[in-house]
1. In percent, how large is the relative contact order of region A:124-199, given Cα pairs closer than 8 Å and 6 or more residues apart?
2. So how long is each side of region A:15-89 along the principal axes, counting just the alpha-carbon atoms, biggest first, in Å?
3. Between rounded, prolate and oblate, where does region B:158-237 land on the alpha carbon gyration tensor, with a ≥ b ≥ c its root eigenvalues, rounded for a/c under 1.5, else prolate if a/b exceeds b/c?
4. Order of A:95-104, B:59-68 by packing, highest average Cβ count within 10 Å first?
5. Can you give the Rg and Dmax of chain A based on its C-alpha atoms, in angstrom?
6. Between copies, how close do the residue A:143 label points come, placed 7 Å along Cα→Cβ, listed in nm from shortest?
7. List the distances, in nm and shortest first, from the label point of residue B:45 to the matching label points in every other copy, placing each point 7 Å from Cα along the Cα-to-Cβ direction.
8. Over 10 Å intervals from 0, what percent of Cα-Cα pairs in region A:68-157 sits in each interval?
DNA sequence: CGCAGCGTTGAGTCCCTTCAATGTGCGTGG
DNA sequence: CCACGCACATTGAAGGGACTCAACGCTGCG
């Protein structure tokens with residue numbers, strides 16, 4: 001099995017990969033050590049500042065990347081400037097759209113981000129040669145699809161308060177739980193970005209956050225730092 | 001190449017498949033004639049009346065299906081009854097969620113539907129043995145993901161009028177264009193279903209439809225039968 | 001300090017919802 | 001055949017939740 005083989009032979013893998021966050025992620029976790037070496041030779045670590053674009057909407061990108069650290073937001077913008085964030089991605093997610101060169105969305109660093117960039121052509125070749133890699137990417141695509149549809153429910157049918165709670169819940173589930181019930185985390189998004197993710201305005205986001213604070217569902221320290229004393233209570237807010 | 005092989009040997013394929021709408025679809029279009037015969041032996045045509053459920057949300061379905069005729073809606077409902085349609089599927093789309101047995105959404109017939117049902121286990125086995133089949137399903141998943149994200153923009157950032165126009169545009173693009181600019185089609189959805197797809201109420205949907213009618217963007221005959229004299233004008237309504 | 005970026009808060013407005021009534025098409029049964 | 005009931009759709013009036021516009025607070029930085 002490919003997974004076992006690559007795991008068992010880390011000795012031959014590129015140095016840079018040994019301690020990489022994405023080493024056992026969707027892509028690199030299923031490559032043979034030979035493939036990993038090949039990919040490593042053609043890959044490049046890159047730091048991207050918060051707010052900077054990784055891939056532009058409408059552009060033809062000849063690169064894919066793995067997220068090693070930080071949070072990436074996928075955005076769609078309309079000609080008149082209206083904007084919608086359609087997904088958040090975390091390490092060790094894979095960023096890119098196989099089969100289609102021109103991107104229908106932009107990928108931007110929400111926080112400071114480190115990514116590992118590699119040539120599209122090379123990975124495309126590996127995909128066609130490696131059933132397990134295709135399976136893995138297929139699996140990620142389906143998970144993203146599930147998440148997208150779950151979010152459609154949030155966008156279409158939840159109230160502003162439920163929307164904000166849904167977002168906090170989403171972020172919280174990507175953080176380490178402090179105890180069985182309480183979770184602490186830093187928001188990777190500004191109020192404006194939260195609004196663009198929830199289909200709201202900055203002001204309503206702000207108001208709903210203070211509502212949640214006043215009702216005791218969350219505590220806030222320094223704007224972006226959030227404490228959820230009781231995740232069950234948080235889940236009750238989104239009634240699902 | 002698998003595609004060529006299966007196309008070239010229709011003589012050996014099951015009789016039922018010969019004239020099937022899904023014969024060259026995502027699944028059957030990439031199977032070898034042997035696999036097609038195998039799948040055909042274990043598959044079953046089924047008619048489903050409009051409004052009936054094909055797969056229930058939260059249930060464990062041991063079947064996949066191909067849509068041969070009609071329109072299927074994928075729905076999510078909340079405990080309190082709020083509902084969101086997250087996708088429409090048309091012949092010859094594949095319906096099912098590989099890798100996960102329990103469905104997080106329900107599939108319901110929007111119109112009268114004919115589907116071809118086959119065992120999950122059998123197709124799962126074929127997927128793992130047939131790279132081209134996995135590629136094909138991966139491709140469909142990514143296309144559905146693109147569509148879901150496009151719809152998130154509609155749900156989050158478009159006005160009621162733009163939402164209704166977006167829906168009509170979506171349906172229209174799945175119908176045969178009458179001339180270069182004009183398209184005629186039957187709505188596969190009731191006003192209530194349209195509302196659940198757009199995150200609106202029945203009444204606003206109705207009002208926006210009559211607005212579009214009065215402004216001349218569409219003409220209506222018999223509630224469900226719509227004429228779009230000029231698709232360019234329709235596209236201008238959704239400003240994208 | 002002064003400014004810029006980000007977040008909060010308030011007042012007023014508007015778009016969509018809610019509630020309610022009316023209209024339309026269709027199948028059923030008298 | 002028409003009356004009746006039902007499901008679906010339209011229309012109107014009133015209300016509310018989110019938006020718009022505007023002011024203000026906080027924080028970091030040149």
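Every read-out reported here was derived from the displayed coordinates using simple, explicitly stated rules and does not represent laboratory data. Treat the numbers as computed from the prediction; the structure is a model and nothing was measured. Neighbour counts are summed over all protein chains in view; Cβ atoms, including those assigned to glycine, are modelled from backbone coordinates with ideal geometry.
1. This gives 21 percent for region A:124-199.
2. 48, 23, 21
3. prolate
4. Those peptides, ordered most packed to least, come out B:59-68, A:95-104.
5. 19.2, 56
6. Distances between equivalent label points, in nm: 2.5.
7. 6.1
8. 14, 42, 36, 8, 0
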